[in-house]
Amino acid sequence: MTAPDRTLTRPRRTPLTWVRGGGLSTLLFLLPMLVIFGVFSWWPIVRSVVMSFQHTNLVSAPTWVGWDNFVQVVNDPLFWTAVGNTAWFALLALLLGYPIPLVAAVLMSEVKRARGLYSALAYLPVVVPPVVAVLLWKFFYDARPDGVFNTILGWVGIPPQPWIQSAVQAMPSLVVEATWAAAGGTIIIYLAAITGVAPELYDAAEVDGAGIWQKVWHVTLPQLRSVLLITLILQIIGTAQVFLEPFLFTGGGPVDSTVTILLLIYRYAFQNSLGGDYGAATALSLMLAAFLAVLSLVYFRLTKSWSQN
């Protein structure tokens, strides 16, 4: 006697079974989202890739130039200046803007009263429109002796500073304003993560005689490891795309000391009233996007095991 065949065979999928299984209704629900993403996201990306291999100013007919736009961008002396300035901005923002929200969130989490008020005050700069914030700080950075910041420095005997009018001080000045404007959102994220840490861990640390900084180092930071990794890569990506501050504060000056990659893309695209070199602009945009994609991939690969421990 032969044993019965217990092999299970899948029923053959046909258009009719797909419709009966709810496939048509699922497609109808997805269709508006697919159309919106296709028109406003995927198609512009495809169009940008095509434009990066063309010479076009959106006025005259485009001509196919292959890799010439990428070669033109790399051979532009201002390209390497923009890369260096962007890297300098990212480094300063990392040294200044990354630890400040964490320290502020830890201190605010230790406050027993009026924590909501402090959270609102910390988040207030995020509510201010970015253009308004930049114009306000530009007024503060007035290099004259009676400027706001120079007046404050004068109270403690420090001479007036040129701020954004100096090629040396311009980039750090931009970083200070950008940190002030963006730190509030990160502080709220850290506060939410800290409230999720089990109170028993802090109680055990206090029993062992740990102070606030010992608790932060041995309890808070290990519990916030995944959040810290995410905010770090987000900050790196954000600083690599800085545009508003150099555009409104200095326009890339003095002597190109604040020209960033996105500002250079803007100059390629809108350098004259007849239409700029959109081919070079999209080529540089794709180069930046590819760099950030590779950087993110490498970053997550290197930190994958550490974030899960």
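The values are calculated or read from the model by the stated rules, or taken from the named source; none is laboratory data. Quantities reported herein were computed from a predicted structural model and do not represent experimental measurements. As a convention, Cβ positions derive from the backbone with ideal geometry for all residues, glycine included, and neighbour counts pool all protein chains shown. Heavy atoms of the whole protein, side chains included, go into the accessibility calculation; ligands, DNA and RNA do not. Shrake-Rupley method; radii C 1.70, N 1.55, O 1.52, S 1.80 Å.
Surface listing: PHE243, PHE300, PHE249 arranged by accessible area from highest to lowest gives PHE300, PHE243, PHE249, probe 1.4 Å. Taking Cα centre as origin and charging only the Cβ of basic (Lys, Arg, +1) and acidic (Asp, Glu, -1) residues, the dipole magnitude of the range 167-309 rounds to 380 debye.
With each label modelled as a point 7 angstrom along the Cα→C-beta vector, the VAL111-VAL50 pair spans 5.4 nm.
Once the Cβ-Cβ distance of LEU78 and SER41 is raised to the sixth power relative to R0 = 30 Å, the FRET efficiency obtained is 0.50. Summing Lys and Arg as +1 and Asp and Glu as -1 over all other residues whose Cβ lies under 10 Å from the Cβ of THR250 gives a net charge of -1. Projecting the Cα atoms of THR231, GLY276, SER305 onto the charge dipole of the range 211-309 (Cβ charges, centred on the Cα centre) puts SER305 farthest toward the positive pole.
For the set ASP142, ASP208, the ranking by accessible area, highest first and with no ligand, DNA or RNA atoms included, is ASP208, ASP142 under a 1.4 Å probe. The Cα center of the range 217-291 and the Cα center of the range 168-185 differ in position by 14 Å. Once label points are set 7 Å from the Cα along Cα→Cβ at both LEU232 and ALA87, what is their separation, rounded to one decimal in nm? Between LEU232 and ALA87, the label points sit 1.9 nm apart. In this rough spin-label picture, where each label sits 7 Å from Cα along the Cβ direction, the ALA167-LEU94 distance is 2.5 nm.
Note on the chain: Cα-only Rg and Dmax are 26.5, 105 Å.
Per-residue ellipticity at 222 nm, computed for the chain from helices alone with -39500 (n - 2.57) per DSSP H run of at least four residues, works out to -21000 deg cm²/dmol. Among ILE152, ILE189, ILE164, the largest mean-square fluctuation in a Gaussian network model of the chain (Cα springs under 10 Å) belongs to ILE152. Among VAL50, VAL156, VAL134, the largest mean-square fluctuation in a Gaussian network model of the chain, built with springs joining Cα atoms closer than 10 Å, belongs to VAL156.
Rounded to the nearest 20 debye, the dipole size of the chain about its Cα centre is 1200 debye, using +1 on the Cβ of Lys and Arg and -1 on the Cβ of Asp and Glu.
Taking the centroid of alpha carbons for each part, the range 127-151 and the range 66-114 are 21 Å apart. Highest GNM mean-square fluctuation among LYS112, LYS215, LYS138, for the chain modelled with Cα contacts below 10 Å: LYS112. Among VAL216, PRO99, LEU201, whose Cα sits farthest toward the positive end of the charge dipole of the chain (+1 at Cβ of Lys/Arg, -1 at Cβ of Asp/Glu, about the Cα centre)? Checked the options; the winner is LEU201. Measuring with a 1.4 angstrom probe and ignoring ligands and nucleic acids, GLU200 comes out at about 120 Å² accessible. Can you pull the Kirkwood radius for the range 96-205, inverse mean 1/r over Cα pairs, to one decimal in Å? After inverting the pairwise mean of 1/r, the radius is 16.0 Å. Extension gain, VAL71 to THR26: 0.36 nm times the residue separation minus the Cα-Cα distance gives 11.6 nm. In the complete set of protein chains, residue-level accessible area for ASP277 is approximately 20 Å², probe 1.4 angstrom.
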